[in-house]
Structure formats: structure tokens, C-alpha cells
Amino acid sequence: MSVSDRGSASPTSSRVLFCPFCREPFEGLAHCPTHELQLLPFSELGEPLDADVDHQPLPRLSPRLGRGLLVLGVVLTLVAFLCPLASFSGQVSMSSTLLGMARARSPRLWLVPTAMFAQLLVLHRRKSPVELRGARLTVLLLALLPSLIVLSKLLEVRSVAALMANEMRSAVHVHVGAGSWLVWLSALPMLRAGMILGVRAPRRVQTLTRGS
């Protein structure tokens, strides 16, 4: 055994000690081989370093830990709800917003703003990092819902356009509106938020070099 190896061993080699950072147990060592921190008895470990921070509520308007991205996606989706879903050109020329179609004969489109208010409700009720992490799956599902609803509605609009063109024996073209594109675009920050919500960046540990 080299001199450096003997120097890292604990005088009581049979004693099990713990790293204060990773909390892994080691027997016969005085320092953690990974983090180079002095090992401690279990009774001196105390609470995990991140326990209090993980359960501490974030400020109400804090954009950290994915909250800002989620709010951005919600705002963009609500703006998209006021924009055109699609438009017709050719023998028939018309366009309609998502809001207008929801008021008319497409009540399913009301699920778009409803899903966004549900996202905001998640942020209102889940304030600490650990609570936010528990809502990630919900956020991901709610982020996809508006895009799926808009896609299904566009397919219906294309079917209607095909029937109209067949009856009038003239071309009727369907153009995807700005509202549809914006709904799909706004899903991106919400999906990203769903993956990182409540996840804090790992702390960097400065290792100590023996003999320094």
C-alpha cells in the first residue's frame, strides 16, 4: 500500500462513514473517493443539502425551473385562439378564428383555452420544485392537447372543402391559418417546460487535491 493510500484510510478502518454530499457509505476511508470530501458519521450528516430548497416555494412570479417557458407557451396559445384557424379560397372565400368557430359549431375548440387555464392552475398550486416535478406529465399532456384538437379540426375543414368543391364543381382551396401555426409553435416551449419543470441544475462540486 502506498503512502497516499494509507493517508486516506481512517484510523478506525472498520468504521463506516458517509460522504456529506452524495451520502454514500464507505468503510476504511477518511475521504469520499469521488468528491474528496471528509467523511462523517451518520449522526453528523443531518438533512440532505437540497432537502429544504426542494420544498421551499418559489416566488409567485419566478420564471425559474421551467415556469417561464410554460407561461410563454400559454400566452402564445391564447393569442392563437384569436387568430384564423384556416381560410378558403377559390369559388368560396372565407376565414374564421378559433374563437369564432368555437362559438359557432365547434365547441370542442373551447378545450384549447381550457387546457391553458389548467396549465396556469398547475403553476398556482405547485410552488416548490418537488411539487412542480410531480406535475410534469400533466403539463406535457396539456401541452399536446391544443395541437391535436386543431389538427383534427383542420382535417374536418378539408373534408368540408372537398364536399363544397364537389357540389359546386369548382376548386375550393384550404389554407392553414396563423392561429393553427401559432398553436403548434406554442406547444414547443410548453413541452420543454414539461421536461425541465422543477428540475434544478446539478451543483458543481469543487474537488480538493491531496497534498494541496
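Please identify every one of the trypsin sites (Lys or Arg not before Pro) in the stretch 128-182 that sits in a loop by DSSP and has no more than 12 other beta carbons within 10 Å of its own beta carbon. Provide the component values of the computation, followed by the final result.
Details: sites: ARG133, ARG136, LYS153, ARG158, ARG169; in loops: ARG169.
Answer in residue order: ARG169.
Rounded to the nearest percent, how much of the accessible area of the stretch 138-207 (1.4 Å probe, protein heavy atoms only) is carbon and sulfur?
On the way: 2690 of 4160 Å².
Carbon plus sulfur share of accessible area: 65 percent.
How long is the gain from LEU120 to GLU44 if the chain were fully straight, where each residue apart is worth 0.36 nm and the alpha carbon distance is subtracted?
Working: separation 76, 0.36 × 76 = 27.36 nm, distance 4.16 nm.
Additional length available on full extension: 23.2 nm.
Run the simple label-point estimate for TRP184 and LEU144 please: 7 Å along Cα→C-beta, distance reported in nm.
In this crude label model, TRP184 to LEU144 measures out at 1.7 nm.
The values are calculated or read from the model by the stated rules, or taken from the named source; none is laboratory data. This is a predicted model, so every value here is computed, not measured. As a convention, Cβ positions derive from the backbone with ideal geometry for all residues, glycine included, and neighbour counts pool all protein chains shown. For accessibility, only protein heavy atoms count, side chains too; no ligands or nucleic acids. Shrake-Rupley method; radii C 1.70, N 1.55, O 1.52, S 1.80 Å.
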